[in-house]
Amino acid sequence: MLNSSSLVRTSLPMFAGDSLISSYQPSSRLLHWKLDLSDTELESVPEYVTARRNLRILNLSINAIKMLPQELAFLSYLQELRVSKNLLQEIPEEIADLNFLQVLDVSHNELS
């Protein structure tokens, strides 16, 4: 059980500019509007990605992802989706529902 003598007070700010301090999520380099999971050896898109409804930029490049989930369409504010250098064979039709999408990088995949 915690008591007041076991708590440590810190003076770290919660936010640095428009982004969360990287030490809170060092492995995913998470910001509140940007998620960079590039070159992390992913074989699929983690479920928590589609739960981040405020994402504007999502980078999943340089992984081994074979399929993008249809649920990416839930990221209605997404402006940039980078999935280059994966093993994708197709792009789900639901990606077309992303009305704010400006950049879609699917280069260097196995698309036909």
Residue by residue through region 69-90, note down the ones that are assigned to a loop (DSSP other than H, G, I, E, B) and either in contact with a strand residue (DSSP E or B) (Cβ under 8 Å, 6 or more places away or on another chain) or touching a residue at least 60 places away in the same chain (Cβ under 8 Å) (or both). Leu75, Leu78, Gln79, Val83, Ser84
Among what's in region 24-49 and is modelled with pLDDT of 95 or more and not aliphatic (A, V, I, L, M), pick the residue that is most open to solvent (accessible area, probe 1.4 Å). Glu41
Being out of contact with any helix residue (DSSP H, G or I) (no Cβ under 9 Å at 6 or more places or on another chain) and part of a loop (DSSP other than H, G, I, E, B) is the filter here; which residues of region 46-68 pass it? Pro46, Arg52, Asn54, Arg56, Ser61, Ile62, Asn63, Ala64, Ile65, Lys66, Met67
Given (1) open to solvent by less than 80 Å² (accessible area, probe 1.4 Å); (2) over 17 Å from Ser107 (Cα atoms), where does Asn54 come up short, assuming only one miss? (1)
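The values are calculated or read from the model by the stated rules, or taken from the named source; none is laboratory data. Everything numeric in this text was worked out from a predicted model, so none of it was measured. Heads up, the Cβs are rebuilt from the backbone with ideal geometry, glycines too, and the neighbour counts pull from every protein chain shown. With ligands, DNA and RNA removed, areas are computed over all heavy atoms of the protein, side chains included. Shrake-Rupley method; radii C 1.70, N 1.55, O 1.52, S 1.80 Å.
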